[in-house]
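So the structure is just underneath, and the comments pick up after that.
The values are calculated or read from the model by the stated rules, or taken from the named source; none is laboratory data. The shown structure was predicted, so the numbers you read here are calculated from the model rather than taken from an experiment. Here the Cβ positions follow ideal geometry from the backbone for every residue, glycine too, while neighbour counts run over all protein chains shown. When the accessible area is computed, the model is the full protein with side chains, heavy atoms only, and any ligands, DNA or RNA have been set aside. Shrake-Rupley method; radii C 1.70, N 1.55, O 1.52, S 1.80 Å.
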Amino acid sequence: MTEAVPPPPTPQPPSSQPPSSQPPSTPVAGPPTTGPPIAVPPPLEPFTPGGTTALGGEHTGLGYSPAMAVRTLGLTKRYGPLVAIDDLNLNVPAGAVFGLIGPNGAGKTTTFSILATLLEPTSGSVEVAGHDPANEAQQVRGRIGFMPDSLGVYDNLRVEEYLEFFASCYRIPRTEWPSLVDGLLELVDLTGKRQDWVDSLSRGMKQRLSLARTLVHDPDVLILDEPASGLDPRARIELRELLGELQTMGKTIIISSHILAELEEICTDVAILEAGRLLAQGPPRAILEQLGGTRTIQVRLGDGSTRDYTVGSDAEQQALLKRLIVEEELPVTEFTEIGAGLEQLFMQITEGRVQ
Amino acid sequence: MSPDTKTRSTKTRSTEFMINPVLDRELRVRMRTKRAPAILTIYLLVLSAIAFLTFQALSSILDDPFNEASALAVAQIGRGIFEWLLFFMTMLVFFLVPGTTAGVIAGERERQTLVPLQVTLLKPRSILLGKIGAATAFIALLIVAALPLLTMAFLIGGVTVWRILASVLTLLAVALIIAALSAAISTFTKRTPTAVVLSYGLVLVLLAGTMVFVGALAIMDEVTGSEGLADAGRVVLHLNPLLVVTDVAESRPNFNTSAISPFDPLKLLIDPDLDAFDPGGADAGSDRRVPFWSTSLLSLVVLASGALVVATRRLTTPAASDR
């Protein structure tokens with residue numbers, strides 16, 4: 001391969017607030033996505049100069065579209081007769097936390113492998129941080145941090161050495177390593193484990209260390225394949241906080257999981273995949289509304305009794321609250337949306353199609 | 001980040017000398033275990049024992065009433081010690097290198113650490129060379145650590161410093177060649193045991209297979225009455241790494257003395273025209289303008305380089321399918 005090696009970006013040890021500054025229950029608010037929501041795969045849109053992306057961002061041919069961190073167009077991957085991904089059109093807005101949702105075998109890992117420069121697509125176009133992963137792999141590698149679904153850690157290596165090793169793999173000068181490692185360990189809350197052996201860490205700590213590893217070169221886009229699998233509840237909450245922290249640092253995060261509750265609180269956008277095909281894409285609530293989906297509101301009254309209401313949109317939800325409190329003057333003590341999340345969305349969209 | 005900062009940073013990166021990261025990490029990890037110094041100690045003890053036993057066995061030359069204690073007789077002892085030590089070290093290379101190298105890539109796959117490496121800015125070639133370098137570094141340490149024992153043979157006499165150095169360098173080259181072949185096999189297997197078995201299999205084919213092949217052709221010559229079949233087939237002996245070391249280490253076999261070296265029969269295999277019972281006679285071997293070791297080493301280097309090219313392609317991503 002004769003492609004030019006881009007100068008790797010200078011790592012910037014994260015200096016924003018520590019993870020503990022954000023309460024665990026606070027849902028992470030992402031930056032607003034541009035343009036209208038998309039509930040179904042957008043029509044095929046060629047990457048032509050001067051065009052406008054489906055979500056409103058401008059792009060220039062195959063050049064970088066600042067509004068979109070990742071785009072795929074007609075992405076298809078076949079293994080012989082098996083179609084792993086079929087005509088996939090993804091649009092991941094910059095700064096989004098984008099959840100790729102689907103059952104096992106839906107094509108999530110294959111999609112990630114293509115985005116992470118590991119796998120060639122059979123057909124279609126891909127753009128990650130403005131570069132084509134198939135033909136400009138080195139440029140893409142300098143801009144992404146990829147965490148595969150398996151935890152690969154080395155024996156006989158200390159936490160500090162592990163991060164320094166990957167810093168050297170990204171050609172970060174040795175003089176920058178100490179401050180880089182300090183910043184990363186602080187971010188993932190492993191400062192006290194600096195001299196510990198990597199293989200002695202708990203699974204949650206290894207997961208956070210792996211995440212730190214993906215950040216050594218200060219990438220723009222993080223691609224995380226099933227990062228929460230196998231973690232206990234506490235570790236999951238810590239990971240979720242960490243992802244929120246990364247989002248506030250301006251990273252675009254693409255994350256996959258087949259446990260929808262994990263993605264519920266953090267994703268600003270989702271894409272639902274099944275059998276290699278994209279079923280829906282956009283902010284979860286927008287997809288639900290566009291599909292005419294409903295959500296259930298549970299209202300608890302002063303006497304402890306509960307009532308369930310079904311609404312179809314935010315407007316209906318507001319109207320319901322107003323009606324209960326203002327018009328009916330009911331002593332509402334709790335107004336909770338139940339079953340309105342990704343799980344319901346997923347079930348509605350894949351109804352009858354999930355094996 | 002300001003443009004100035006980026007420029008400065010890029011400049012720093014391009015001018016700073018950086019050791020291959022994989023080599024750096026692997027050396028650190030491998031040498032950190034207690035096993036490394038233990039193996040080194042046991043190895044040197046065994047080599048010392050071999051040197052001592054060889055000396056004891058060959059000292060009988062001096063007791064032979066028909067073979068007075070001439071400088072020539074003492075030289076036979078020195079040469080014997082050198083050749084037995086070198087033979088043991090060569091066998092050790094064939095025994096250890098496939099075991100330490102065959103798992104380098106397959107092991108990364110098993111530990112699921114290969115993908116995180118492949119998505120960094122490291123080139124596949126760097127991953128492979130770093131791994132081979134680290135795997136052979138310890139073997140190289142073993143070979144170099146034996147130099148004081150080998151030079152003991154020089155002090156006794158019968159072997160020159162240049163022959164010792166040339167032999168050790170050839171052995172190092174052979175270790176690297178076998179490491180490259182084993183590492184290349186490792187890129188094709190998903191599991192380490194498979195890679196280890198295949199690597200030892202390949203070494204066995206190169207060591208014994210080539211000799212058996214020529215032997216079989218010689219028998220066919222005998223049976224069918226044909227001529228030249230074995231001679232033509234002898235070209236495969238160039239791929240035998242043991243014969244390269246033999247050709248460099250052994251100048252001329254001599255079966256007239258009791259100090260028979262392990263390389264003597266192998267030298268005859270390289271050049272059957274040599275008369276081991278009349279080393280100074282008229283039929284003192286064919287007049288080879290190009291020494292066997294040079295063409296043999298070249299053949300092995302070409303083989304190993306080809307294997308590395310294929311292995312590098314195998315590690316290159318994006319790939320058409322999951323590897």
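The table for this structure:
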{"item": "Residues that are more than 7 Å from every other protein chain (Cβ to nearest Cβ) and assigned to a loop (DSSP other than H, G, I, E, B), drawn from region A:114-130", "result": "A:Pro121, A:Thr122, A:Ala129, A:Gly130"}
{"item": "Residue match in region A:188-201 (condition: buried (at least 23 other Cβ atoms within 10 Å of the Cβ), modelled with pLDDT under 95 and within 21 Å of A:Ala69 (Cα to Cα))", "result": "no"}
{"item": "Yes/no for B:Val104 being touching a residue at least 40 places away in the same chain (Cβ under 8 Å), within 14 Å of chain A (Cβ to nearest Cβ), in contact with a Lys or Arg (Cβ under 6 Å, 6 or more places away or on another chain) and crowded, with 16+ Cβ neighbours inside 10 Å", "result": "yes"}
{"item": "Failed criterion for A:Gly244 (all others in (1) open to solvent by 10 Å² or more (accessible area, probe 1.4 Å); (2) touching a strand residue (DSSP E or B) at 6+ places or on another chain (Cβ under 9 Å) hold)", "result": "(1)"}
{"item": "Subset of region B:138-184 [over 10 Å from the mean Cα position of the chain (by Cα), free of Cβ contacts under 8 Å to residues at least 12 places away in the same chain and part of a helix (DSSP H, G or I)]", "result": "B:Pro148, B:Val161, B:Trp162, B:Leu165"}
{"item": "Residues satisfying the stated conditions in region B:107-137, i.e. open to solvent by 50 Å² or more (accessible area, probe 1.4 Å) and assigned to a helix (DSSP H, G or I)", "result": "B:Glu110, B:Arg111, B:Arg125, B:Leu129"}
{"item": "Enumeration of residues in region A:141-153 that are buried (at least 19 other Cβ atoms within 10 Å of the Cβ) and facing chain B (nearest Cβ under 9 Å)", "result": "A:Arg141, A:Gly142, A:Ile144, A:Gly145, A:Phe146, A:Met147, A:Pro148, A:Leu151, A:Gly152, A:Val153"}
{"item": "Count - residues of region A:131-140 that are open to solvent by 10 Å² or more (accessible area, probe 1.4 Å) and either more than 8 Å from chain B (Cβ to nearest Cβ) or at pLDDT 95 or above (or both)", "result": "5"}
{"item": "Conditions (1) in contact with a strand residue (DSSP E or B) (Cβ under 6 Å, 6 or more places away or on another chain); (2) outside any helix (DSSP H, G or I); (3) surrounded by 20 or more Cβ atoms within 10 Å (Cβ to Cβ); number of the one not met by A:Ile172", "result": "(1)"}
{"item": "Filtered residue count, region A:134-165, keeping only those that are over 23 Å from A:Lys251 (Cβ atoms) and aromatic (Phe, Trp, Tyr)", "result": "1"}
{"item": "Top-ranked residue in region B:307-323 [being of a type outside the set (A, V, I, L, M) and open to solvent by 40 Å² or more (accessible area, probe 1.4 Å); ranked as farthest from the other protein chains (Cβ to nearest Cβ)]", "result": "B:Arg314"}
{"item": "All positions within region A:73-104 that are open to solvent by 10 Å² or more (accessible area, probe 1.4 Å), more than 14 Å from every other protein chain (Cβ to nearest Cβ) and either part of a helix (DSSP H, G or I) or under 21 Å from A:Glu226 (Cβ atoms) (or both)", "result": "A:Pro103, A:Asn104"}
{"item": "Selected residue [among the acidic types (Asp, Glu), farther than 22 Å from B:Ile19 by Cβ and touching a strand residue (DSSP E or B) at 6+ places or on another chain (Cβ under 9 Å)] from A:Asp189, A:Asp220", "result": "A:Asp220"}
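For (1) in the same structural domain as A:Arg78 (by TED's automatic domain parsing); (2) modelled with pLDDT of 85 or more; (3) not acidic (Asp, Glu), each residue gets a yes or a no:
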residue: A:Gly250; (1), (2), (3): yes, yes, yes
residue: A:Ser257; (1), (2), (3): yes, no, yes
residue: A:Glu265; (1), (2), (3): yes, no, no
residue: A:Leu273; (1), (2), (3): yes, yes, yes
residue: A:Ile297; (1), (2), (3): no, yes, yes
residue: A:Arg300; (1), (2), (3): no, yes, yes
residue: A:Leu321; (1), (2), (3): no, yes, yes
residue: A:Val332; (1), (2), (3): no, yes, yes
residue: A:Leu342; (1), (2), (3): no, no, yes
